[in-house]
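The values are calculated or read from the model by the stated rules, or taken from the named source; none is laboratory data. Everything numeric in this text was worked out from a predicted model, so none of it was measured. Backbone-built Cβ (ideal geometry, glycine too); neighbour counts: all protein chains shown.
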Amino acid sequence: MGHVVWNGRRFESDDAKQRRVLRDHRVDLAQLSRLFDGPIIEDFDAAHSHSEDRWRAIGMLDDRCLVVVYTERGEAIRLITARSAEPHEEAEFEIMLIGEALPDKPDDPSEQDRS
């Protein structure tokens, strides 16, 4: 089991799951502790909290809006999974952060207005 201590908090994750999340979602669970230093939206994930309380957090890491699912085990935050935020989740985060959603970003830089 991997773990990181960041700003006095312990983060842990299953090694096999860490490899799978990195492969499938291009998110390194070992880096997620930094996400919790910035502004985040957290809510209780009642739909997936059958055997343990699970929480969902939306925040930014390296200019990427991510959704993180975790649980608390004692003093540790156990990271379960993470992925890029869906557009509606990113908009939810932007509204919380600045009061409104940002305009859609063009996928192709050549589509940007050059005026």
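Step by step: first the residues of region 43-62, then only those that are at pLDDT 90 or above and not aliphatic (A, V, I, L, M), then the one that is surrounded by the most Cβ atoms within 10 Å (Cβ to Cβ). Which residue is that? Give the steps one after another, and end with the answer.
In the first step, residues of region 43-62 are kept if they are at pLDDT 90 or above; the result is 53-62.
Filter again for not aliphatic (A, V, I, L, M), leaving 53-56, 59, 62.
Working: Asp53: 13, Arg54: 19, Trp55: 17, Arg56: 18, Gly59: 22, Asp62: 8.
So, considering only residues that are at pLDDT 90 or above and not aliphatic (A, V, I, L, M), the one surrounded by the most Cβ atoms within 10 Å (Cβ to Cβ) is Gly59.
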- Task: Find all pairs meeting these conditions: Cβ atoms under 9 angstrom apart; at least six residues apart or on different chains; first residue within region 81-97 and in contact (Cβ under 8 Å) with a residue 12 or more places away in the chain and among the basic types (Lys, Arg); second residue assigned to a strand (DSSP E or B) and surrounded by 17 or more Cβ atoms within 10 Å (Cβ to Cβ).
- Result: Arg83/Leu66; Arg83/Val67; Arg83/Val68
- Note on the structure: Flagged pairs (Cβ under 8 angstrom, 6 or more apart or on separate chains; first in region 65-80, in contact (Cβ under 8 Å) with a residue 12 or more places away in the chain and within 16 Å of Phe93 (Cβ to Cβ); second assigned to a loop (DSSP other than H, G, I, E, B) and of a type in the set (D, E, K, R)) are Val67/Glu86; Val69/Asp45; Val69/Arg54
- Message: So for region 66-85 (the condition being surrounded by fewer than 15 Cβ atoms within 10 Å (Cβ to Cβ), under 12 Å from the mean Cα position of the chain (by Cα) and not small (Gly, Ala, Ser)), does at least one residue qualify?
- Response: no
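Do you know which residues across region 25-40 are surrounded by fewer than 18 Cβ atoms within 10 Å (Cβ to Cβ) and out of contact with any Lys or Arg (no Cβ under 8 Å at 6 or more places or on another chain)? Let's see the steps before the verdict.
Restricting attention to region 25-40, the residues satisfying the condition of being surrounded by fewer than 18 Cβ atoms within 10 Å (Cβ to Cβ) are 25-26, 28, 30-31, 34, 37-40.
Residues satisfying the conditions are Arg26, Asp28, Ala30, Gln31, Arg34, Asp37, Gly38, Pro39, Ile40.
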- Task: Working only within region 35-48, note down all residues that are in a helix (DSSP H, G or I) and more than 10 Å from the chain's Cα centre (by Cα).
- Result: Asp37, Ala46, Ala47, His48
